[in-house]
1. Once every DSSP H run of n ≥ 4 in the chain is given -39500 (n - 2.57) and the sum is divided by its residues, what mean residue ellipticity at 222 nm do you get, rounded to the nearest 500 deg cm²/dmol?
2. Name the long-range amide H neighbours of residue 183: under 5 Å, sequence gap of 5 or more, or other chain; modelled H, no Pro or chain starts.
3. Relative contact order of the chain: what whole-number percent is it, with Cα pairs under 8 angstrom and at least 6 residues apart?
4. Packing-wise, with mean Cβ within 10 Å as the measure, how do 91-99, 27-35 rank, highest first?
5. Taking every DSSP beta bridge with both residues inside the stretch 2-236, roughly what % is antiparallel (nearest 5)?
6. How large is the charge dipole for the stretch 2-236, taken about the Cα centre, if only the Cβ atoms of Lys, Arg (+1) and Asp, Glu (-1) carry charge, to the nearest 20 debye?
7. Cut-off 10 angstrom, C-alpha nodes, Gaussian network model of the chain. Which of 126, 110, 221 fluctuates the most?
8. The stretch 143-237: percent of C-alpha pairs farther apart than 16 Å?
Amino acid sequence: MNFAILQFPASNCDQDAVHVLKNVLGHSARFVWHKESSLASIDAVVVPGGFSYGDYLRTGAIARFSPIMGAVQQFAANGGPVLGICNGFQILCEAGLLPGALIRNRSLQFRCENIFLKTATSDSPFTNKIAEGKIMRVPIAHGEGCYFADEATLQKLQSNRQILWQYCTANGELTETANPNGSVLNIAGICNEARNVAGLMPHPERASESLLGCADGKVIFESLIQWFQNRSLAKVA
């Protein structure tokens, strides 16, 4: 696969994403600067974490107007897979590619720690290799990771099974104490209705090698690769 990893001023997880996709998983991955306007020959887009434009105004608010985001929106409209991680999730919400918003952590504190995630559904390009209910340990690092949406949107997310990951305890319980930022319904990650755009606040690229103490996050990227390969085979058939 050919991955595009977007770079905005103050992105800081872009190199981690390229390393995992290229050196750990063996696929092509290249940086795409925010002023570019084309995603030619790209199979998937990763919008990485960081502090795009210094998080001025609010997280992702300025990045969503970058030239490259027009290409991302068209890419997604054509069915291309897009994954937003942390600040990338915030940017995708600001751009209208995902519903809801990420607001200040309820504790008003920056949280940097390992948390547990429960996979809510295997029915997405980003979770197809993960058993429903599987628990993963993945790090977070954010100050504005509290997912919020109105009641109608939440009901839609639930009925369409668009909630992909939820914060949980080591035993898989969705408790308030396991929720590091106060997200409604313990939501850590969601996808759009078409299921080809997803965002999550935890950092799977920081948990994709045993050398780092945990490789649980790697399966998210492996799921996307598997989905793309299956789709390619279906087109040939």
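Please treat every number below as a calculation from the coordinates, not as lab data. Remember, predicted model here, so these are calculated numbers, not experimental data. Positions of Cβ are generated from backbone atoms using ideal geometry, with glycine treated the same way; all protein chains shown enter the neighbour counts.
1. Working: 5 runs with 53 residues, N = 237.
Helix contribution divided over all residues of the chain: -6500 deg cm²/dmol.
2. Counting only residues 5 or more places away or on other chains, the set is 147.
3. Taking the mean separation of contacting Cα pairs over the length of the chain, I get 19 percent.
4. Highest to lowest by the protection proxy: 91-99, 27-35.
5. Numbers: 23 of 39 bridges.
Roughly 60 percent of the beta bridges in the stretch 2-236 run antiparallel, per DSSP.
6. On the way: 19 positive and 19 negative charges, 56 e Å.
In debye, rounded to 20, the stretch 2-236 gives about 260.
7. Residue with maximal mean-square fluctuation among 126, 110, 221: 110.
8. When all Cα pairs of the stretch 143-237 are counted, 65 percent exceed 16 Å.
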